[in-house]
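Shown next, in structure tokens, is the structure this report addresses.
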Amino acid sequence: MEDFETYAADAFPFRQGFRQVKAVVAGGIFRRQDNNGVYAAGGYLSALEYPMDLASLDYAAGRFRYVREKYLTEENRVFFSIIPDKNCFLAEESGRPSMDYGEFERQMAQRVDFAEYISVSGLLEKEDYYETDTHWRQERITDVAKLLAERMGTTLSEDYETHILGEDFYGVYYGQAALPHKPEKLQYLTGEAINGCHVYDWQNGREIPVYNMENIGKDPYEMFLSGPLSLITIENKNAREDKKLVIFRDSFGSSIAPLLVSGYSRITLADIRYMHPDLLGQFVDFKGCDVLFLYSTMVLNNSETLK
């Protein structure tokens, strides 16, 4: 009967229309600042992320330090970078509660003092994110990829070709907010290095494409490296140098990793939200690898998801 109650609520006639009316009335008449934790500002939808949780930062840094002590040596160059969420550009100016993102970066960089910190926030603005989704737009972050590569000692090919999906894209915030909003178009980039690389999904024991079009119907953003997978290897057999990189990442890493391919012969992406670090030694050889911890503020501020 509990399952039936859930089904009945989801299948109620004109449910989405009623949800939109409720959301519009709550915001437009009763001046609520958000609906289901999601708010609209400047043509964008975003979820509130406040306040800064220092205990969560401590836990995240502890998990990164555990990886470092278990697998890395002085031969590994270790880097750390934080991806700000959209609230960094929307919350304060729209009157919503906002964290001090500069202080967030300082606090986290101090805790991960064994890694060289690379700040990318100065290259980002609200237009670099989808209007209705959490994530950044791949076609807008080539400068971020270039900066990361330069700081890690490699160079990238910037000869990209842009493709636009025909399907309309409604991000995760669209359904949560229940507010009317126009759809977007999702774009992705290809190039010589991206087209020639081979991707292996260790979680499911299969080769996958860089852009998996089969996932478009489920969640279009999951076309980037097939979405939330625990361990992926990208091989670039035509790389200029035999440089290897291991990225500990969340879902933002799925769209930026293809842009880094031209600078490395192998990139390994590990998501320790889905795979315990103790298992990594069975699949990943860290010898001679550069290591990048690349995480969004949302994951760091809610780090109980990290194993």
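The values are calculated or read from the model by the stated rules, or taken from the named source; none is laboratory data. In this text, all values refer to a predicted model and were calculated from it rather than measured experimentally. Quick reminder, even Gly has a Cβ in these numbers, built from the backbone with ideal geometry, and neighbours come from all protein chains shown. We work out accessible area using only protein heavy atoms, side chains counted, and drop any ligands, DNA or RNA first. Shrake-Rupley method; radii C 1.70, N 1.55, O 1.52, S 1.80 Å.
Some points to look at:
- When residue 285 is tested against (1) over 18 Å from residue 229 (Cβ atoms); (2) touching a residue at least 24 places away in the same chain (Cβ under 8 Å); (3) open to solvent by 10 Å² or more (accessible area, probe 1.4 Å), just one condition goes unmet, and that condition is (2).
- Residue list for segment 204-226, filter: β-branched (Val, Ile, Thr) and either assigned to a loop (DSSP other than H, G, I, E, B) or open to solvent by 20 Å² or more (accessible area, probe 1.4 Å) (or both): 210, 216
- Any hit, segment 247-259, residues being of a type in the set (D, E, K, R) and either over 29 Å from residue 115 (Cα atoms) or open to solvent by 10 Å² or more (accessible area, probe 1.4 Å) (or both): no
- Selection status of residue 291, assigned to a strand (DSSP E or B) and either closer than 23 Å to residue 156 by Cα or open to solvent by 10 Å² or more (accessible area, probe 1.4 Å) (or both): yes
- If the condition is being open to solvent by less than 10 Å² (accessible area, probe 1.4 Å) and in a loop (DSSP other than H, G, I, E, B), then segment 125-153 contributes 130, 132, 133, 141, 152.
- In segment 227-248, the count of residues that are assigned to a helix (DSSP H, G or I) and either over 25 Å from residue 61 (Cα atoms) or not charged (D, E, K, R) (or both) is zero.
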